[in-house]
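Rule-based calculations on the coordinates, nothing more; no lab input. Remember, it's a predicted structure, so these values are computed and weren't measured experimentally. Positions of Cβ are backbone-derived with ideal geometry, glycine not excepted, and every protein chain shown enters the neighbour counts.
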Amino acid sequence: MPELTLDRITKHFKNKIAVDNASLTLREGVYGFLGANGAGKTTLLRMICGVLKPTSGEIRCNGTEIGRLDGDYRYLLGYLPQDFGYYPDFTAKRYLEYLAACKAVPKDLAKGKVQEMLTLTGLTGSQHGKIRTFSGGMIRRLGIAQALLNDPEILILDEPTAGLDPKERIRFRNIISSLSKGRIIILSTHIVSDVEFIADKILLMKQGRIVKQGTVAEVTESVTGKVWEYLARPEEAGRLNDIFAVSSLKNEGEMVRLRLVSDKRPCEGAVLAPPGLEDVYLYHDTRGKSSKNPIFEEVSEHVDNLERRTL
């Protein structure tokens, strides 16, 4: 089982810092990278794959820099990019046989491996169908199949459920869970539910930095005391929604129940609620944005006054 070490990895593109001083050690398990589009997740994954070179820092596999390992490192990898290439007029079986050859899977093993992957991903009944006739979910499952052909010890999946319906997302998560034993699996997404139930560790990225990491329980605990519920009239709900980070909004008769994420009590009558992973995501994604809003500053001052009067 390999061990991956990211040592102060930074990547610059002209005047933009895409990844900023990221350090991690990855061992067996599922790692869920969460972050908004543009947070640096794809750039970091491409560096782990060796597709991009860091501007500074080093990525090591079992203590050796991955560039020095060359083909030995690539053989350990399985990669599903956000947009992977395929030949639309190939059948699923022919496509996987072709990629098995490209990955230098021994011929005496390739046939059995292709059938194994078709079975694992539920594509056996469609193996002779042309890929251009496949649904989005079937294409993503085919992507997983090709990533696993060489039985990789490091599996990297970039936004693997983008565009999938809920049923296909659940199927995909179940496949990932079944593969996690004895592998490092890195799953990058902005969809919280994709990692909440299967990730051993969550890594939250924002503006190229890893701002929070830990188990789901650990990162969720970090926003305890910052999640609030409040039952408001519709006009007040609209005002609060403009000012604060709102993770849910639900109509209840003539009123609206809001779930707000805020360091301070957002309004008189708001009560603390147990946090969830979505609240963590929203808290870090919006932190520093609302404070620039003059209306927010006015409301914050009002909240401070309320708290002082309460004390």
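Brief remarks on what is shown
- Under the criterion of Cα pairs below 8 Å and six or more residues apart, the relative contact order for the chain equals 20 percent.
- Normalised by residue number, the volume inside the convex hull of the Cα atoms of the range 194-254 is 126 Å³ per residue.
- Alpha-carbon Rg with Dmax, taken over the range 1-128, Å: 17.4, 50
- Using every pair of distinct Cα positions in the range 100-154, the Kirkwood expression returns a hydrodynamic radius of 11.6 angstrom.
- Cα-based convex hull volume of the range 91-212 per residue, rounded to whole Å³: 122
- Here ARG68 and HIS12 are evaluated by their C-beta separation; at R0 = 35 Å the FRET efficiency comes out at 0.95.
- Ranked by how many other beta carbons lie within 10 Å on average, peptides 124-134, 176-186 from highest: 176-186, 124-134
- Inter-site label distance for TYR87 and LEU120 at 7 Å from Cα along Cβ, in nm: 2.3
- Highest mean packing comes first when the peptides 155-161, 113-119 are listed by Cβ atoms within 10 Å, giving 155-161, 113-119.
- Put simply, the convex hull of the Cα atoms in the range 18-73 casts, on average, a shadow of 4.3 nm².
- Contact order normalised by residue count of the range 193-251, Cα under 8 Å, 6+ apart, percent: 19
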